[in-house]
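Undergrad: What follows is a structure written as structure tokens; I'll ask about it next.
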Amino acid sequence: MTELEFEYLRGFLKQRSGLALTAEKRYLVESRLTPICRRFGMASLGDLIGALKLGQNGALERAAVEAMTTNETFFFRDRIPFDLFRDTLLPEALLRNAARRRLRIWCAASSTGQEPYSLAMLLQEAAPRLSGWQVEIVATDLSTEVIEKAKLGLYSHFEVQRGLPVQWLIKYFTQVGEQWQIAQSIRSMVDYRQLNLLHSFSSLGQFDVIYCRNVLIYFDAPTKSDVLARLAAQLAPEGALLLGAAETVIGLTDRLSPHPKHRGLYGHAEAARPADTAPPLRMAANV
Amino acid sequence: MKAPHQTTCLVVDDSAVIRKVARRIIEDLGMNVSEAEDGNAALEACAAGMPDAILLDWNMPNMDGYAFLQALRRSEGGEVPKVLFCTTENDIGAIARALRAGADEYIMKPFDRDILTAKLEQVGLLADAA
């Protein structure tokens, strides 16, 4: 792969997925795109990049973008964002939305489904308190391939060991050969949609809780600012945005501010808080 | 002044290689590790001093993991250790049986550092890495 070809690829990935590929990540291109070359019967990365330049092979373009974006995830990843949901965000939202009895959650980079299903299991555990409520979990990802995997809810033994308590493995999964499938009752709680965060997502509506974890790290600063401002527009007035541990809003948008006690949790900045017909309830300061 | 308690873990496995690998990982996590090669030796070790955690192989000669776990949970102070049972079997029936016998978590062999760390966190024996 020549320098020019690498530069073309960087521009292509930035435009299609927002992925900011630094020169040090050049090795990733070779390890991740070589299998795509083989799949499409191409002899080299140069051939693949040449085909991308022609812009006539949508399947190849999607495969290249999907191969370069990271889909690392596991159940209850980092645990704290889920404890926070169970112990603070959910009880607060239940109080705040008691009149309309509606709760909307968005997993904005849902990958193979472990994050939305973790939330769905937590909601299932809280089912007695949610009787008569309309609860929606919208899960989006750039990659149609990972969405298809997520919809199936089939995981390897390795995947179900990462973060999932064994009691919940027994309770919510059935064994299918060498794999484990999450219960239909949990799968049906999640509405999967393909979505590129670089494109408008205003049609999704407003959410009480947005999980957008470990995706902004791959974007450059202007892209992060743009996505954060648009996420803020989808966040209910007292809603909560959860970012990954290595991500922040600071220096990127003045519409959102970090919670004083919970790392990774953000809400509307006071000055930018949108109006709401529901009475405001301040975010609790402790779990 | 009393020294702070160092979390202890007993690794029970008839394979010296597995014990060595597990010891290295768990010691890196700041725990004090002891070893036993079967259920009988593990019961003796627990009688001498109950560990905070037990990484327990399921299939061992003399006394297997299931028999050990039943005996442990019946013994004085035997309810204390968090037991992570460890096996190559991934049959849901075997897992459910181990949980009924008193296991707290389950680790599929071969395990790695990430899985073992995550499981020890899940049973509350490690501070959050997050």
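The values are calculated or read from the model by the stated rules, or taken from the named source; none is laboratory data. Model, not experiment: these values are computed from the prediction. When we count neighbours, we look across all protein chains shown, and the Cβ atoms used for this are built from the backbone with ideal geometry, even at glycine. The area values use the complete protein model at the heavy-atom level, side chains included, leaving out ligands, DNA and RNA. Shrake-Rupley method; radii C 1.70, N 1.55, O 1.52, S 1.80 Å.
Undergrad: Which percent of the accessible heavy-atom area of segment B:8-120 goes to carbon and sulfur, probe 1.4 angstrom?
TA: The C+S portion of the solvent-accessible surface of segment B:8-120 is 48 percent.
Undergrad: Grab the eigenvalues of the alpha-carbon gyration tensor for segment A:88-130, scale each by 5, take roots, and send me the semi-axes largest first in whole angstrom.
TA: Details: eigenvalues 89, 29, 12 Å².
Over the Cα atoms of segment A:88-130, the ellipsoid semi-axes are 21, 12, 8 Å.
Undergrad: Okay, helix-only estimate at 222 nm for chain A: each DSSP H run of n ≥ 4 adds -39500 (n - 2.57), divide by all residues, round to 500 deg cm²/dmol; what do you get?
TA: Calculated at 222 nm, the ellipticity per residue is -11500 deg cm²/dmol.
Undergrad: How large is ³J(HN,Hα) for each residue in segment A:20-29, as worked out from phi by the Karplus curve 6.51 cos²θ - 1.76 cosθ + 1.60 (θ = phi - 60°), to whole Hz, x for Gly and Pro?
TA: So the Karplus estimates, Gly and Pro as x, are 9, 8, 7, 4, 5, 8, 4, 4, 5, 4 Hz.
Undergrad: Turning to a different aspect of this structure: In whole Hz, what ³J(HN,Hα) sequence does segment A:196-211 give by Karplus (6.51, -1.76, 1.60; θ = phi - 60°), x for Gly and Pro?
TA: For segment A:196-211, the Karplus-derived couplings read 9, 5, 6, 9, 4, 10, 5, 5, 5, x, 9, 10, 7, 9, 10, 9 Hz, x marking Gly and Pro.
Undergrad: What are the lysines whose alpha-carbon lies under 24 Å from the alpha-carbon of residue A:171, with same-chain residues fewer than 8 places away excluded?
TA: Reachable lysines: A:149, A:151, B:82, B:109, B:119.
Undergrad: Roughly speaking, what is the centre-to-centre gap between segment B:21-67 and segment A:37-88 when only Cα atoms are used, to the nearest Å?
TA: Rounded to whole Å, the Cα centres lie 42 Å apart.
Undergrad: Could you tell me what percent of the accessible area of segment A:3-68 is made up of carbon and sulfur, with a 1.4 Å probe and every protein chain present?
TA: 52 percent
Undergrad: Would you pull out the residues with amide H under 5 Å of residue A:211's amide H, same chain only if 5 or more places away, H placed 1.01 Å from N?
TA: Amide H neighbours of residue A:211: A:106, A:107, A:108, A:242.
Undergrad: By how many degrees, 0 to 90 and rounded to 10, does the Cα axis of helix A:3-17 deviate from the longest principal axis of chain A?
TA: 30 degrees
Undergrad: Reported to two decimal places, what Rg/Rh ratio describes segment A:80-272 when computed on Cα atoms with Rh from the Kirkwood expression? Working shown, then result.
TA: Details: Rg = 16.5 Å, Rh = 17.2 Å.
Value, to two decimals: 0.96.
Undergrad: Given the DSSP H assignment, sum -39500 (n - 2.57) over each helix run of at least 4 residues in chain B and divide by its residue total; what's the result at 222 nm in deg cm²/dmol, nearest 500?
TA: Helices in chain B give a 222 nm mean residue ellipticity of -12000 deg cm²/dmol.
Undergrad: Another question about this same structure. Might you tell me the accessible area per residue for the protein assembly as shown, computed with a 1.4 Å probe and given in Å²?
TA: 46 Å²
Undergrad: Here's something else I'd like to know. Write out the GluC sites (Glu not before Pro) in segment A:21-79 meeting two conditions: DSSP loop, and at most 14 other Cβ atoms within 10 Å of their Cβ.
TA: Passing both the DSSP loop test and the Cβ count: A:72.
Undergrad: What does the average come to when, for each residue of peptide B:87-100, you count the partner chain Cβ atoms lying within 10 Å of its Cβ? All intermediate terms of the calculation are to be shown ahead of the outcome.
TA: Numbers: counts 0, 0, 0, 8, 1, 6, 1, 0, 5, 4, 0, 1, 4, 0.
Averaged over the peptide's residues, the number is 2.
Undergrad: Here's something else I'd like to know. About its Cα centre, how strong a charge dipole does the protein assembly as shown have in debye, to the nearest 20, once Lys and Arg get +1 and Asp and Glu get -1 at the Cβ? List each step's numbers first, then the result.
TA: Numbers: 46 positive and 51 negative charges, 256 e Å.
Value, rounded to 20: 1220 debye.
Undergrad: Give the aspartates and glutamates reachable from residue B:20 as a straight Cα distance under 12 Å; neighbours fewer than 8 places away on the same chain don't count.
TA: B:35, B:37
Undergrad: Debye sum, Cα scatterers, segment B:6-130, no solvent: what log₁₀ I/I(0) at q = 0.13, 0.23 1/Å?
TA: Log10 I(q)/I(0), no solvent term: -0.44, -1.56.
Undergrad: Summing both sides, how much accessible area is buried between A and B? Use a 1.4 Å probe and give Å² to the nearest 100.
TA: Heavy-atom accessible area buried at this interface is about 1600 Å².
Undergrad: Okay, moving on. Which lysines have a Cα less than 20 Å from the Cα of residue A:14, not counting those fewer than 8 places away in the same chain?
TA: Counting by Cα, and skipping residues close in sequence, residue A:14 has these lysines nearby: A:25, A:53, A:224.
Undergrad: Pop out the carbon and sulfur fraction of the accessible area of segment A:80-272 as a percent, whole number, probe 1.4 Å.
TA: Summing carbon and sulfur atoms, their accessible area is 54 percent of the total for segment A:80-272.
Undergrad: Next question. Would you kindly compute the Cα radius of gyration of the protein assembly as shown and its largest Cα-Cα separation (Dmax), both in Å?
TA: My reading of the Cα-based Rg and Dmax gives 24.3, 74 Å.
Undergrad: In addition: As an exercise, take the mean of 1/r over every pair of distinct alpha carbons in segment A:3-68, invert it, and state the Kirkwood radius in angstroms.
TA: By the Kirkwood definition, the hydrodynamic radius is 11.7 Å.
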